[in-house]
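What follows is a set of notes on a single structure, which appears directly below.
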Amino acid sequence: MPTDTKRVRGPEVSQSPSLFLCKNAVKKSTASNDARVDGRQRGQVDVRSVFVRCGLISQAKGSAYIEAGNTKLICCVYGPRETERKDETDMKSGRLITDMRFAPFSCRERGSWIQGSDEKDLSLMLLESLRPGVCLQKYPRSQIEVNVMVLENDGAVLAHAVTCASMALADAGIEMYDLVLGCSIRQEGATYLIDPTFLEENGYNLASGSRENLGSLTVAFLPSLNQISGLQSDGEMGEDTLTGDVRTCIEGCFKLYPVIQQALSKAVRRKAPPSES
């Protein structure tokens, strides 16, 4: 097979320059038990600053882009279109299909375009979080496709993928019961880190040597209905700790809610026809 000479092929193995800054970042974070690498405080509901935008991709029915710190994701929604599987359940209600992938350059180690097991698990978690918020009975014999691409992974990708996909569904005009917002938390002993970065998620800056109440939690929340649509937990945490972390994540979702509403309102105004003077 001839070689594609027009495509610039990168190296098979590469490393991000930020890897060489990790040691200094860890030293800086461990110098103070309360301060985090990016200046936020431990034990406080202090989410990262978020930039969101809707309607960036004209070829898709709806699209959204979200940037939280160095975590960047984009989502496209296609449909509703005629479903390929015509079984009994599809005749009564529509199907929601989710696909979440990492760009090869999104992680600290270069990945592959082939979907791995982690991406399949994240796609399933994304589906379970979004499904309760979509009125699928309004779209019988149809399917709605949600595609999320992680452009840069700096922690809490599942939570921000839920928020980004929910915005894209709303931008596509899909009927929904409510927006679905996501928030993640990292529990480290008696303290917690809301909206953790990649280093914090992987425990590179563990403040204490204690291994009790150590884990991560991601919550998908319907703010207007005050209901939880999805919950994913890793690690070992006590019942009281887990309950407190869920409440903290809900509080973090409410902090994101006005930003998401404002972005959707701007998208609607851009699509609205000009008023006749």
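The values are calculated or read from the model by the stated rules, or taken from the named source; none is laboratory data. Remember, predicted model here, so these are calculated numbers, not experimental data. Note: ideal-geometry Cβ built from the backbone for every residue, glycine included; neighbour counts use all protein chains shown. These accessible areas exclude ligands, DNA and RNA; they are computed on the full protein's heavy atoms, side chains included. Shrake-Rupley method; radii C 1.70, N 1.55, O 1.52, S 1.80 Å.
Go through the stretch 156-184 and give me each residue that's surrounded by fewer than 24 Cβ atoms within 10 Å (Cβ to Cβ) and either part of a loop (DSSP other than H, G, I, E, B) or among the charged types (D, E, K, R) (or both). Within the stretch 156-184, Ala172, Gly173, Glu175, Tyr177, Asp178, Leu179 meet the criteria.
Going through the stretch 185-196 one residue at a time, which ones are surrounded by fewer than 20 Cβ atoms within 10 Å (Cβ to Cβ) and either touching a helix residue (DSSP H, G or I) at 6+ places or on another chain (Cβ under 8 Å) or small (Gly, Ala, Ser) (or both)?
Those that are surrounded by fewer than 20 Cβ atoms within 10 Å (Cβ to Cβ) and either touching a helix residue (DSSP H, G or I) at 6+ places or on another chain (Cβ under 8 Å) or small (Gly, Ala, Ser) (or both): Gly189, Ala190.
Asp90 meets all of the listed conditions (1) at pLDDT below 95; (2) within 14 Å of the chain's Cα centre (by Cα); (3) open to solvent by less than 50 Å² (accessible area, probe 1.4 Å) but one, namely (2). If you go through the stretch 234-277 and keep only what is open to solvent by 90 Å² or more (accessible area, probe 1.4 Å) and among the aliphatic types (A, V, I, L, M), you end up with just Val268. The condition (being of a type in the set (A, V, I, L, M, F, W, C), within 18 Å of Thr218 (Cβ to Cβ), open to solvent by 10 Å² or more (accessible area, probe 1.4 Å) and not in a loop (DSSP other than H, G, I, E, B)) is satisfied by just one residue among Leu127, Leu151: Leu127. Look at Gln115 and say whether it is over 24 Å from Leu225 (Cβ atoms), at pLDDT below 95, assigned to a strand (DSSP E or B) and in contact with a strand residue (DSSP E or B) (Cβ under 7 Å, 6 or more places away or on another chain). No: the conditions fail for Gln115.
Checked against (1) at pLDDT 90 or above; (2) open to solvent by 10 Å² or more (accessible area, probe 1.4 Å); (3) touching a helix residue (DSSP H, G or I) at 6+ places or on another chain (Cβ under 9 Å); (4) of a type outside the set (Ser, Thr, Tyr), Val146 passes all but condition (2). Screening the candidates Ala190, Ala170, Ala220 for the property of being at pLDDT 90 or above and farther than 24 Å from Asn70 by Cβ yields one hit, Ala170. Among the residues of the stretch 209-263, just one is closer than 17 Å to Arg42 by Cβ, among the hydroxyl-bearing types (Ser, Thr, Tyr) and in a loop (DSSP other than H, G, I, E, B), namely Ser210. In the list Leu225, Leu169, which residue meets the criterion of being out of contact with any helix residue (DSSP H, G or I) (no Cβ under 8 Å at 6 or more places or on another chain) and within 24 Å of Gly62 (Cβ to Cβ)? None of the others qualify; the one that does is Leu225. Look at (1) open to solvent by less than 90 Å² (accessible area, probe 1.4 Å); (2) within 23 Å of Ser123 (Cβ to Cβ) and you find that Gln227 fails only one, number (1). Residues of the stretch 60-77 that are more than 20 Å from Val268 (Cβ to Cβ) and either of a type in the set (Phe, Trp, Tyr) or open to solvent by 10 Å² or more (accessible area, probe 1.4 Å) (or both): Glu67, Gly69, Asn70, Lys72. Within the stretch 130-143, restricting attention to residues that are part of a loop (DSSP other than H, G, I, E, B) and under 30 Å from Ile250 (Cβ atoms), which residue is modelled with the lowest pLDDT? Top of the filtered list is Tyr139.
Considering Leu264, Leu199, Leu181, which residue is touching a residue at least 40 places away in the same chain (Cβ under 8 Å), farther than 18 Å from Thr163 by Cα, in contact with a helix residue (DSSP H, G or I) (Cβ under 7 Å, 6 or more places away or on another chain) and among the aliphatic types (A, V, I, L, M)?
Leu199
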